[in-house]
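> I am attaching a structure below and will ask some questions about it afterwards.
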2 protein chains.
Amino acid sequence: MARIVMKFGGTSVADLDRIRNVAARVKREVDAGNEVAVVVSAMSGTTNQLVAWVNGISKFFDEREYDAVVASGEQVTAGLTALALQQIGIKARSWLGWQIPIITDETHSKARIQRIPTEALEAGFKKGEVAVIAGFQGVTEDGRITTLGRGGSDTSAVALAAAVSAERCDIYTDVDGVYTTDPRIVTRARKLDRITYEEMFELASLGAKVLQPRSVEMAMKHRVRVQVLSSFDAPPDSTQILPGTLVVDEDEILEQHLVSGIAYSRDEAKITLLKVADRPGVAASIFGPLANAAINVDMIVQNVAPDGKSTDLTFTLSRTDLERALKVLDEAKGEIQYEQIIPDAAVAKVSVIGVGMRSHAGVALTMFETLAAKGINIGVISTSEIKVSVLIAEEYTELALRALHSAFGLDAAV
Amino acid sequence: MARIVMKFGGTSVADLDRIRNVAARVKREVDAGNEVAVVVSAMSGTTNQLVAWVNGISKFFDEREYDAVVASGEQVTAGLTALALQQIGIKARSWLGWQIPIITDETHSKARIQRIPTEALEAGFKKGEVAVIAGFQGVTEDGRITTLGRGGSDTSAVALAAAVSAERCDIYTDVDGVYTTDPRIVTRARKLDRITYEEMFELASLGAKVLQPRSVEMAMKHRVRVQVLSSFDAPPDSTQILPGTLVVDEDEILEQHLVSGIAYSRDEAKITLLKVADRPGVAASIFGPLANAAINVDMIVQNVAPDGKSTDLTFTLSRTDLERALKVLDEAKGEIQYEQIIPDAAVAKVSVIGVGMRSHAGVALTMFETLAAKGINIGVISTSEIKVSVLIAEEYTELALRALHSAFGLDAAV
């Protein structure tokens, strides 16, 4: 007998038929003798509708009320999933964030889980009852509802798995695992059997939508074995579970590849400031106002301008922040003293990721040569121990992905 | 300065524009110096959708999960209404049933409120904050969400008004008050300025949909002054509030009418059992099985059959229960021993109501004569101290209402 947490995303609970499918999958685990906690997201589309209502009614909204409104979506699916389980003879009850309680800090709309008392859940397990937990939500010490940010149900699931010492946290989604890159773009992308926490964290942070980065961080910290798998692959009553991708410790992976995956993000924009006076404190004069406006800057490059007295500075940021950033920089122009500002929203970030890079130099070089051979210019570069990211013109995204996927030997055999 | 509770039903919060309208009406009361608690229903249609999902996923559902699902609708409107108030400069916060808490018994899906601690709400009033309370919901002592049954937000509002000793409980709805009868049928129906608790309770119980009967019962018990008025009559920012109908104690009404209103209900069915053996215990053999199947019987008439040895028995019940009742009676036929069973779903109940009846005989007679003059047969009669109800063929409903409205002098001047 094992204890497992199963998490189902919005597309997996999108309607009653799919909720029944979820129940059948849970039943399979219960019938196999497991203790099961289920974490559910809102029906797909619901959260967007709720967010749209909040934005429609209030310009600068109180995030405590935002949380009260948007948390309702998971409440509905938790109740319906518990009912679907009861309907097929499985003892089950729903748990909302405040009922367990999942205690978070007070950073409404992107709260962090602080602790999860497990007495109530343990009592349920003893009764042979499946706990169906509303994902994405928690509660502050003083009883206000919080939410954990987009994709927060992944974090709920991993945190619960850590709290109840689950053997595994299965994240059911609409793809059957983690791929070497987006298979909609690179047809020869391969599903990975295993991936390390570190790589998964980078993949998720750099554009792969399969898991919320914070959930991976938490899994890594608490050594929760996470499995990404599909809700839609096999018939739900099939006893044969198709394996997904296991996210595990590095030492559980025998054969390390140099590069494990290639991520991309189109949610990027670039701003170049030409001829900024090259003096101490200039970076602060630029990035201070942006930080005050809660605009995150990602990659930064600074070049000395030809005249030797000024500098050209390029940085990237989220595309949704571009307009606001231009406004902030325009207002701070007097202090920063730049000659020209050049925004570019038609850029993409492509990243190669692999723990194998630690011991093998040359990944960055291979990446640059591969892109150069296809005539793709690199705008900005950023590296860390296990990844290299480059900014390119957006229109080259697919070409770059395919070329890199081949160059790093990731293509599936035809 | 007064303290008031304002309740807005589903059509009053049906979309963002209407929620803004609600906020404007609340602002008017706050600007007038009042302490305000607002109770909101779910957006119209939402509860039906949630109930349909529950019915779709589970045949004999766990009502604790039903409650968790359907309570989400009011959570959304409470948050949105608080935001709409903040947006126009009014301090406000949402309160869910479990946050106050509104403690109920464990009769899920039709729970009864047991107590409402007011410390949190009082603290909010002191801060000048409007409390926006999710109607229809409560919580059990052990932390499960409950709901109060259809129309339960009326009960939430009255219970809160009693708990915080509000001067008035304003029930905003899509009509501008309580009418002598349904104005869609009788064009000369008049809006009542005042009505007694007892009359309002009978009207609500006998078919008028303007208030939930239980809320009237509670208002009567705690002497809460209830006002029924429209969310849609005047522009929300108008300082002139159109008066609705006040539901008050009998001694607050100076001029008593013999009859105050005429209610009708098409949610009726009739069952006649012919030639039931006339022996002791026969009623129990009929109504016992129905009670066990949770089918409520309303009016009952028993006649001695021509042969003197058997009896004919007619009773009425809710139309939605008719099919089930026939099945139950068929199964119990051996024990009851009746010759024939005649169901009739095409019936309506028409009731005249007035506290004036207590001191004036002859209301029933006037009613029977009026209906007879129009050629309307009376099936079953039931009376109480302040009402007379008759069952008639459904097709005569409008004719009966108009005739009675005139006969009891209720017609508005033309």
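> For chain A, with a Gaussian network of springs between Cα atoms less than 10 Å apart, report the residue from A:ILE262, A:ILE271, A:ILE113 with the top mean-square fluctuation.
Of the options given, A:ILE271 has the highest mean-square fluctuation.
> In bins 10 Å wide, starting from 0, what share of all Cα pairs of the protein assembly as shown does each bin hold, as a percent?
2, 11, 17, 18, 17, 13, 9, 6, 4, 2, 0, 0, 0
> In whole Å and largest first, what semi-axes does the C-alpha gyration tensor of region A:155-228 yield when each eigenvalue is scaled by 5 and square-rooted?
23, 12, 10
> Provide the descending list of Cα extents for region B:32-79 along its principal axes, expressed in whole angstroms.
Taking the Cα atoms of region B:32-79, the three principal extents are 50, 20, 13 Å.
> OK, next. Taking just the alpha carbons, could you work out the radius of gyration and Dmax for region A:83-140, both in angstroms?
Cα-based Rg and Dmax for region A:83-140 come out at 12.9, 39 Å.
> So what are the radius of gyration and Dmax for the Cα set of chain B, in Å?
Values for chain B (Cα only, Rg and Dmax): 23.4, 78 Å.
> Then there is this: From the label point of B:GLN114, set 7 Å along Cα to the beta carbon, how far off in nm is each other copy's matching point, shortest first?
B:GLN114 label point versus its equivalents elsewhere: 3.0 nm.
> Averaged across A:16-28, how many Cβ atoms of other chains sit within 10 Å of each residue's Cβ atom?
Per residue, the number of nearby Cβ atoms from other chains is 1 on average.
> What do you get when you divide the Cα radius of gyration of region B:1-105 by 2.2 N^0.38 Å, with N the number of residues?
1.20
> Could you work out the local net charge near B:THR397, counting Lys and Arg as +1, Asp and Glu as -1, over the other residues with Cβ closer than 11 Å to its Cβ?
-2
> Let me ask another. Kirkwood Rh, Cα Rg: Rg to Rh for region A:307-388?
On the Cα set of region A:307-388, Rg over Rh gives 1.07.
> Next question, about the same structure. If you average the C-alpha positions of region B:88-135 and of region A:306-384 separately, how far apart do those two centres end up, in angstrom?
52
> For chain A, modelled as a Gaussian network with Cα springs under 10 Å, which listed residue fluctuates most, A:PHE287, A:PHE201, A:PHE368?
Maximum among the listed residues: A:PHE287.
> Could you work out the mean count of beta carbons from other protein chains within 10 Å of each residue's beta carbon in A:81-89?
5
> Calculate how large, on average over all directions, the projected area of the Cα convex hull of region A:246-288 is; give the answer in nm² to one decimal.
It is 6.9 nm².
> Taking a label point 7 Å out from Cα toward Cβ, give me the nm distances from A:LYS333 to the same spot in the other copies, shortest first, one decimal.
9.2
> What ranking, highest mean first, results for peptides A:10-20, A:316-326 when packing means the other Cβ atoms within 10 Å averaged over each residue?
Result, highest mean Cβ count within 10 Å first: A:10-20, A:316-326.
> Find the relative contact order for chain B and round it to a whole percent, using C-alpha pairs within less than 8 Å whose residues are 6+ positions apart.
14
> Quick one: dipole size for region A:1-121, taken about the Cα centre, charges +1 on Lys/Arg Cβ and -1 on Asp/Glu Cβ, in debye to the nearest 20.
360
> Using the alpha carbons of region B:3-250, what is the convex hull volume per residue in cubic angstrom, as a whole number?
So the per-residue hull volume is 123 Å³.
> Please give the net charge around A:PRO243, taking every other residue with its beta carbon less than 15 angstrom from that of A:PRO243, where Lys and Arg add +1 and Asp and Glu add -1.
+1
> Before rounding to the nearest 500, sum -39500 (n - 2.57) across all DSSP H runs of length at least 4 in the protein assembly as shown and divide by the residue total; then give [θ] at 222 nm in deg cm²/dmol.
Mean residue ellipticity at 222 nm (helix-derived): -10000 deg cm²/dmol.
> Rank-order B:293-302, B:378-387, B:29-38, B:77-86 by packing density, defined as the average count of other C-beta atoms within 10 Å over each peptide's residues, highest first.
Output ranking for B:293-302, B:378-387, B:29-38, B:77-86: B:77-86, B:29-38, B:378-387, B:293-302.
> Compute the signed sum of charges (Lys and Arg +1, Asp and Glu -1) over the other residues within less than 11 Å, Cβ to Cβ, of B:THR155.
Once positives and negatives cancel, what remains is +3.
> Give the separation of the Cα centroids, region A:148-196 to region A:22-65, in Å.
First find each Cα centre; the distance between them is then 16 Å.
> Distance cut-off 23 Å, Cα to Cα: go down the list B:LYS7/B:LYS221; A:LYS7/B:LYS59; B:LYS209/B:LYS327; A:LYS191/A:LYS270; B:LYS221/B:LYS270; B:LYS7/B:LYS126 and report the pairs above it.
Going by Cα-Cα distance, A:LYS7/B:LYS59; B:LYS209/B:LYS327; A:LYS191/A:LYS270; B:LYS221/B:LYS270 fall outside the 23 Å limit.
> Compute the Rg/Rh shape ratio of region A:209-301: radius of gyration over Kirkwood radius, all on alpha-carbon atoms.
Rg/Rh: 1.16.
> If you project the alpha carbons of region A:262-407 onto the principal axes, what extent comes out on each, in Å, largest first?
Cα spread of region A:262-407 along its principal axes, largest to smallest: 48, 32, 27 Å.
Rule-based calculations on the coordinates, nothing more; no lab input. Small disclaimer: the values here were computed from a predicted structure and weren't measured. Glycine gets a Cβ as well: all are built from the backbone with ideal geometry, and neighbour counts include every protein chain shown.
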